[in-house]
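A short write-up of the structure that comes next.
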Amino acid sequence: MHTAALHCTSTARYIAPALHQRSAYEHTTATYGVPTYSLLENLAHTNLYSVKYDEAAAMHGHSSRYKRQSSQDTTTPHSMIIDEKGSHQYYNSSYFSEDTKHYIDLETEESFTVIPHWKLSESHLTAAVVTLPFTFMFYGHNVTKAYIATGGFVYLGTVFHELIAATQYVAPLMGNFDPSINDSAIIRYADNGTAFTVEWNGVHVQHNIEAGSFTFQTTLMKDGRIIFAYRRIPTSPLAIGGGNGHKVTVGVSDGFYVEDTSKLVRYIYRYHTIELAKELVIDNSAFVLTPLRTCNQQSGSCEMCLGEQLAGFDCGWCSALTRCSSGFDRNRQEWTEAECETEKHTDVAHCSTGVSAGLVIGIIIVVLVVIFIVGFISWIAYSYTHPTSRSGLALIEVRHFFKKDSTRNVTDEDRYAVTISGDIQGNAEANGGAADKLGNESLADGSTGIVESNASVTAQA
């Protein structure tokens with residue numbers, strides 16, 4: 001487990017370790033610490049401008065408890081969670097105590113459009129999807145939608161599944177919060193074009209109501225920063241764990257999915273997790289996570305990928321995907337299936353040639369095959385023109401071998417056909433000779449007659 005120091009202001013209290021980057025490798029099923037979440041049905045919130053629908057629903061006296069999908073009704077495969085080793089730095093962390101500038105007062109801040117989510121405020125272990133007002137960069141990946149969960153976190157994955165609390169989350173204070181316990185609790189979100197804020201206001205811990213009501217926020221900035229701000233924390237987060245197997249987490253995490261060929265199991269790999277110190281979460285405190293550049297943000301070209309060395313990353317360029325990656329990001333399955341781990345460039349000097357290790361091997365094989373073919377043809381030519389040489393004699397022996405082999409392969413039927421053909425040809429030649437002889441004799445007789453006739457004419461004369 002790696003520990004990174006906090007960057008604190010003069011008013012901040014420093015308590016180490018404040019940030020942990022988990023790198024332990026373990027294979028666990030999704031039971032302890034990962035509760036199952038459902039997605040709200042018939043969501044009104046598909047963008048930031050659907051507030052009128054919610055207000056109308058509240059005015060017309062809709063039921064305070066909305067039906068949620070059962071965890072057994074999910075259409076996604078069974079999910080297995082696996083922690084993948086990784087030692088990369090993705091964010092710098094700063095902590096602020098006795099600070100109110102990072103908390104946005106949604107009651108008075110006029111630059112923000114505020115939208116209360118009534119359905120979510122009356123649910124438990126539930127999430128609702130909203131469209132972000134801008135493209136947010138999370139672990140180097142572009143994210144355009146967010147799933148706001150009742151449990152004090154935002155899920156930023158591309159595929160919804162019941163184990164959204166496992167990874168791909170932004171968690172200012174993940175816990176077993178149940179806003180439906182009291183009527184005053186509300187979950188709402190807001191934006192001003194450059195900031196998207198989600199607030200859990202007056203929420204209680206379901207299994208520990210006596211702990212009091214919590215009010216806190218997370219803000220996603222257009223430049224990729226993540227802010228956790230706390231207005232009211234009546235009890236230390238260290239004391240509110242448990243309940244529905246829900247862990248208490250402050251931090252961010254990302255992962256990737258690998259679908260089993262049977263489509264019955266989805267493996268969820270957590271390749272990176274940042275856990276901030278829960279004991280630092282107090283009234284009027286804040287964390288700011290500033291993103292660092294990652295390999296997948298440098299996918300413009302091979303030179304861009306390998307030209308700049310990023311601290312904590314071993315970037316590689318995969319020509320097959322035209323992608324820069326460390327091998328651990330959301331596109332892990334594509335990277336593996338394209339064999340990028342063996343085909344990748346790791347030296348910028350190789351970029352101009354465009355030659356990868358696999359291509360070099362292929363070229364070598366082709367050259368060897370061409371050399372063999374040229375050598376064989378040259379040997380045949382030499383042997384044919386030098387029949388008394390060793391090569392020539394060897395070639396003659398090979399020819400005789402194949403000729404004998406072809407003779408041995410003649411069948412009885414073929415031999416019978418050859419015999420008949422020979423007899424027919426012999427008879428034809430014999431008959432032809434007799435005819436020629438008879439013709440000659442006739443011609444001789446004719447000639448004698450002519451002579452005799454001429455002699456008679458002479459005598460008469």
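For the range 296-316, a residue qualifies if it is free of Cβ contacts under 8 Å to residues at least 24 places away in the same chain and more than 14 Å from Gly140 (Cα to Cα), and the qualifying residues are Met304, Glu308, Gln309.
Please tell me if Ser383 is over 33 Å from the mean Cα position of the chain (by Cα), touching a residue at least 12 places away in the same chain (Cβ under 8 Å) and not in a loop (DSSP other than H, G, I, E, B). In short, yes. Taking the range 142-186 only, how many residues are more than 13 Å from Thr126 (Cβ to Cβ), part of a loop (DSSP other than H, G, I, E, B), in contact with a Ser or Thr (Cβ under 6 Å, 6 or more places away or on another chain) and not aliphatic (A, V, I, L, M)? Going through the range 142-186 one residue at a time, the tally reaches 2.
Of all residues in the range 181-201, exactly one satisfies the criterion of being modelled with pLDDT under 95 and either crowded, with 19+ Cβ neighbours inside 10 Å or of a type in the set (D, E, K, R) (or both), namely Asp183. Go through (1) over 28 Å from Val154 (Cβ atoms); (2) in contact (Cβ under 8 Å) with a residue 12 or more places away in the chain one by one and return the number of the condition His272 breaks. Unmet for His272, out of (1) over 28 Å from Val154 (Cβ atoms); (2) in contact (Cβ under 8 Å) with a residue 12 or more places away in the chain: (1). Considering every residue within the range 202-215, establish whether at least one is within 24 Å of Asp254 (Cβ to Cβ), buried (at least 21 other Cβ atoms within 10 Å of the Cβ) and in the same structural domain as Asn244 (by TED's automatic domain parsing). No, the range 202-215 contains no residue that is within 24 Å of Asp254 (Cβ to Cβ), buried (at least 21 other Cβ atoms within 10 Å of the Cβ) and in the same structural domain as Asn244 (by TED's automatic domain parsing). Just so you know, in the range 187-213 the residues that are under 16 Å from Ile104 (Cβ atoms) and not in a strand (DSSP E or B) include one that is farthest from the chain's Cα centre (by Cα), and it is Asn192.
Pairing residues of the range 241-265 that are in a loop (DSSP other than H, G, I, E, B) and surrounded by fewer than 17 Cβ atoms within 10 Å (Cβ to Cβ) with residues that are among the β-branched types (Val, Ile, Thr) and at pLDDT below 80, at Cβ distances under 9 Å and at least 6 apart in sequence or on separate chains, gives Gly245/Thr31.
Inside the range 302-333, residues that are out of contact with any strand residue (DSSP E or B) (no Cβ under 8 Å at 6 or more places or on another chain) and either at pLDDT 90 or above or at negative phi (or both) make up a count of 11.
The values are calculated or read from the model by the stated rules, or taken from the named source; none is laboratory data. Everything numeric here is computed off the predicted structure, so don't read it as measured data. All Cβ positions, glycine included, derive from the backbone under ideal geometry; neighbour counts span all protein chains shown.
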